[in-house]
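None of the figures in this text is laboratory data; all of them are computed from the coordinates on show. Because the structure is predicted, anything quoted here is derived from the model rather than measured. Cβ atoms come from the backbone with ideal geometry, glycine included; neighbour counts cover every protein chain shown.
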Amino acid sequence: MTAEAWYCHQLLQADRGGSLNPTAIREAIESLEQEMPAPSNRNLYYWYYATLALQQNQHDSPEDTASWESWNHALTTALIATQESDGSWNADTVWGGYGGKVYTTSLSALCLEVYYRYNPAQGPSEIADREGWQSLQR
């Protein structure tokens, strides 16, 4: 739940114009790095939120960039290695028995697409660095 909590905290802080405690961020990253994606231990729910959080944090420091790149490499390697020939992913994952192939394929695709959907907070009104695309303003 560290990944999910960290990502939600990022969203709340961004909405309020605040920032997160650097010590807490480093602790969260170190926790995630202890359980990197691997074909032998597929937990797509965890991978999805960890991917969102690390991707959003990647520009904060060179160390954070390295953490994102390491995570993203492990993630894409694990997902490509476990993809079925029809493009889907089987349900043999931590939570896959509950949602089946639709769940695992959806979350796998969402993990692989994260950098096309969510732009780290460099330009608050742009989505995926596409000029003219704007996020919903609150």
* Asked: What is the Å³ per residue value for the convex hull set by the Cα atoms of the range 1-77?
  -> 78 Å³
* Asked: Can you put VAL102, VAL114 in order, fewest other beta carbons within 10 Å first?
  -> VAL102, VAL114
* Under 5 Å between amide H atoms, partner at least 5 residues away or on a different chain: which partners does TRP89 have, H built in plane at 1.01 Å? -> GLU84, THR105
* Estimated vicinal HN-Hα couplings, Hz - the range 90-101 in sequence order (Karplus 6.51, -1.76, 1.60; Gly, Pro = x) -> 6, 8, 7, 10, 4, 10, x, x, 7, x, x, 5
* Please report, to two decimal places, log10 I(q)/I(0) for the range 62-120 at q = 0.20, 0.26 Å⁻¹ as given by the Debye formula with identical point scatterers on the Cα atoms and no solvent. => -0.80, -1.08
